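Notes to accompany the following structure.
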Amino acid sequence: MTENAVVQKLASRLWERKALDIVALNVQGMTVLCDYMILASGRNTNQVKALADDVDEAAAEAGLTLRRSEGAGEGRWVVLDYATVLVHIFHQEERAFYHLERLWDDGTNRVELGLDQSET
């Protein structure tokens, strides 16, 4: 499975589970941390935790190994590290405060996800 296909699969799983404001960024050449970042928001801490579990399940199905995760206990900002893909799942307040997109979105590197997020 290509990296782009993995990003699509993980973003789709987030969308199916009612995550908000899902964004995928191609950050190759911008950082050595990963090639892609996926950012999404949950409505409350329980949803953030559930989204993280669902993404991890989808990643395992795609053959990815979780190298490290942070924040799952608190459910405010969970980071899942799959080497080439980092997934950030925020509580809406943390997402607005940290606004990671401003650091990594250069205006040309958003990955088209093909999700209709207009109704969320």
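The values are calculated or read from the model by the stated rules, or taken from the named source; none is laboratory data. Note that the structure is a prediction, hence the values are computed from the model and not measured. Cβ sites come from the backbone with ideal geometry, for glycine too, and all protein chains shown count toward neighbours.
Please verify whether the range 76-90 includes one or more residues that are in a helix (DSSP H, G or I) and either in contact (Cβ under 8 Å) with a residue 24 or more places away in the chain or out of contact with any Lys or Arg (no Cβ under 9 Å at 6 or more places or on another chain) (or both).
Filtering the range 76-90 down to residues in a helix (DSSP H, G or I) leaves none.
No, the range 76-90 contains no residue that is in a helix (DSSP H, G or I) and either in contact (Cβ under 8 Å) with a residue 24 or more places away in the chain or out of contact with any Lys or Arg (no Cβ under 9 Å at 6 or more places or on another chain) (or both).
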Note: among Arg67, Arg102, just one is at pLDDT 95 or above, over 13 Å from the mean Cα position of the chain (by Cα) and surrounded by fewer than 16 Cβ atoms within 10 Å (Cβ to Cβ), namely Arg67
Only one of Ala19, Ala59, Ala24 is buried (at least 16 other Cβ atoms within 10 Å of the Cβ) and either in contact with a Cys (Cβ under 6 Å, 6 or more places away or on another chain) or within 15 Å of Trp77 (Cα to Cα) (or both); which? Ala19
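Answer with yes or no whether Asp35 is of a type outside the set (A, V, I, L, M, F, W, C) and touching a strand residue (DSSP E or B) at 6+ places or on another chain (Cβ under 7 Å). Spell out the reasoning first.
Numbers: of a type outside the set (A, V, I, L, M, F, W, C): yes; touching a strand residue (DSSP E or B) at 6+ places or on another chain (Cβ under 7 Å): yes.
For Asp35, the condition - of a type outside the set (A, V, I, L, M, F, W, C) and touching a strand residue (DSSP E or B) at 6+ places or on another chain (Cβ under 7 Å) - is met.
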Matching residues, the range 91-120, being closer than 17 Å to Leu33 by Cα, assigned to a helix (DSSP H, G or I) and touching a residue at least 12 places away in the same chain (Cβ under 8 Å): Glu101, Trp104
Scan the range 29-43 and tell me whether some residue there is closer than 22 Å to Gly107 by Cβ, assigned to a helix (DSSP H, G or I) and modelled with pLDDT of 95 or more. no
Looking only at the range 51-75, and only at residues there that are touching a residue at least 40 places away in the same chain (Cβ under 8 Å) and in a loop (DSSP other than H, G, I, E, B), the one that is farthest from Ile22 (Cα to Cα): Gly63
Output the qualifying pairs, or none if there are none: Cβ atoms under 8 angstrom, residues six or more apart or on different chains, first residue in the range 24-37 and in contact (Cβ under 8 Å) with a residue 24 or more places away in the chain, second residue hydroxyl-bearing (Ser, Thr, Tyr) and outside any loop (DSSP other than H, G, I, E, B). Ala24/Tyr36; Leu25/Tyr36; Asn26/Tyr36; Val27/Tyr36
Would you please list the contacts, defined by Cβ atoms under 6 Å and residues six or more apart or on different chains, that run from a residue in the range 4-15 that is over 9 Å from Val87 (Cβ atoms) to a residue that is at pLDDT 95 or above and among the charged types (D, E, K, R)? Arg13/Asp54
Search the range 75-99 for residues being of a type in the set (Gly, Ala, Ser) and over 12 Å from Leu51 (Cβ atoms), and hand back the single one that is surrounded by the most Cβ atoms within 10 Å (Cβ to Cβ). Ala83
